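The values are calculated or read from the model by the stated rules, or taken from the named source; none is laboratory data. Keep in mind it's a predicted model, so treat the numbers as computed, not measured. A quick note on method: Cβ atoms are made from the backbone with ideal geometry, for glycine too, and the neighbour counts reach across all protein chains shown. Quick note on the areas: whole protein, heavy atoms, side chains included, nothing else; ligands and nucleic acids left out. Shrake-Rupley method; radii C 1.70, N 1.55, O 1.52, S 1.80 Å.
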Amino acid sequence: MNRTRHILRDLRRDLVKNRWIYIMAIPVIAFYILFSYIPMAGVQIAFKDYNFGAGIWGSPWAGLKHFIAFFSGPYAWRTIRNTMLLSLYTILVTFPLPIVFALLLNEVKSKLFKRTIQTVSYLPHFISLVVICGIIKEFTQSTGLVSSLLAMVGVPAETMLQDPARFRSIYVVSDLWQTLGWNSIIYLAALSGVDPTLYDAAAVDGAGRFRRVLHVTIPAIMPTIIIMFILRVGQFMSVGYDKILLLYNSSIYETADVISTFVYRKGVVESNFSFSAAVGLFNSIVNFFLVVIVNKISDKVSETSLW
């Protein structure tokens, strides 16, 4: 009883002391409650034969019918494979390179040059995705810039987005161009918090610039890297469908069709809401378990985790 009183008293003091912080947090909390938690009640349509007339609550239960239909259908393996491969390639390329980019910028002594490079690298992030995809389509046409440059080294000029084998490369490279500078911001912020005396001590011990980066800089920002990796793995099965929708076409479904675009076609285009909800729920469950597993492994190996 006394312990409960102490907890309530400490909570009351904290609320009074940090009241403005809690007040500023109210809109954020309200947003997630309204748009993330309350809509979760609609997940039940994955287990129902949903129709507009009866609504969510009045539609008849169907059990695992739609899950079975998906896994026994002809597109399950293709969409799962494409999602996993595209996400894996994206992580392998776009996760480590912003770290390397931040490390290189951190070594630049000229503030003007550093700021110029940062500004140029940030710009693609602020360009509309529709414009980005339009540029990609123009550059990868048979007469586009990229196709023309490749033709100079002997690669046949063709519309690259008509070739299933080239879609993943186009997606990953364009994603790197779009996110490299922006994703490096958090690592630059972590680098700014490294104690300068550690570099001085390493220099006194005879460590060169590369060894200082290897033994001082990277270990100092490793907790940030691990947390960002865990969060990225949590989106492993959620490849950016909006960009894929703007780029792909029926001739490259073989490699470009992922779970999220499949859900879009089934739910929005074909109005098969229960089936698309079942597939989307499966996707979310896989992401959830990936986060839990990677977080647990990280906690055991490095003692750094989300919880």
Fill in: Restricting the range 252-307 to GluC sites (Glu not before Pro) in coil, as DSSP defines it, with at most 10 other Cβ within 10 Å
E303
Worksheet entry | Amide H contacts under 5 Å for K48, placed H, 5+ residues apart | A62
Worksheet item: Of K109, K296, K266, which has the most accessible area and how do the rest follow, probe 1.4 Å?
Response: K109, K296, K266
Worksheet, complete the sentence: Between F139 and H6, the two model label points (7 Å from Cα along the beta-carbon direction) sit apart by a distance in nm of 6.1 nm
Discussion item. Quick check: Cα centre of the range 220-281 to Cα centre of the range 140-178, how many Å?
Written reply: 22 Å
Practice prompt. Provide the FRET efficiency to the nearest 0.05 for the S284-L85 pair, computing r from the beta carbons and using R0 = 30 Å.
Written response: 0.95
Worksheet, complete the sentence: Taking only the alpha carbons of the range 1-78, the radius of gyration and the largest Cα-Cα distance, Dmax, both in angstrom, are 22.4, 62
Discussion item. Which of rounded, prolate or oblate describes the range 1-157 when judged by the alpha-carbon gyration tensor and an a/c cut-off of 1.5?
Written reply: oblate
Worksheet item: Picking from V131, V153, V100, which is most flexible by a Gaussian network model of the chain using Cα springs under 10 Å?
Response: V153
Response to the item:
With DSSP loop assignment and no more than 16 other C-beta atoms within 10 Å, the chymotrypsin sites (Phe, Trp or Tyr not before Pro) in the range 78-180 are none
Item to complete: May I ask you to compute the full-extension gain from I127 to M40, defined as 0.36 nm times their residue separation minus their alpha-carbon distance, rounded to one decimal in nm?
Response: 28.1 nm
Fill in: Calculated Rg/Rh (Cα atoms, Kirkwood Rh) (choose from (i) 1.04; (ii) 0.98; (iii) 0.94), label
(i)
Worksheet, complete the sentence: In whole Hz, the Karplus estimates of ³J(HN,Hα) for the range 111-119 (6.51, -1.76, 1.60; θ = phi - 60°; x where Gly or Pro) are 5, 5, 5, 4, 5, 5, 5, 4, 4
Item to complete: Could you go through the range 69-80 in sequence order and give the Karplus-derived ³J(HN,Hα) for each residue, using 6.51 cos²θ - 1.76 cosθ + 1.60 with θ = phi - 60°, rounded to whole Hz, and x for Gly and Pro?
Response: 4, 5, 5, 9, x, x, 9, 4, 5, 5, 5, 5
Worksheet entry | Loop chymotrypsin sites (Phe, Trp or Tyr not before Pro), the range 1-84, which have at most 12 other Cβ atoms in a 10 Å radius of their Cβ (DSSP) | F52
Discussion item. What FRET efficiency comes out for V204 versus E107 if R0 is 25 angstrom and r is the Cβ-Cβ distance? Round to the nearest 0.05.
Written reply: 0.85
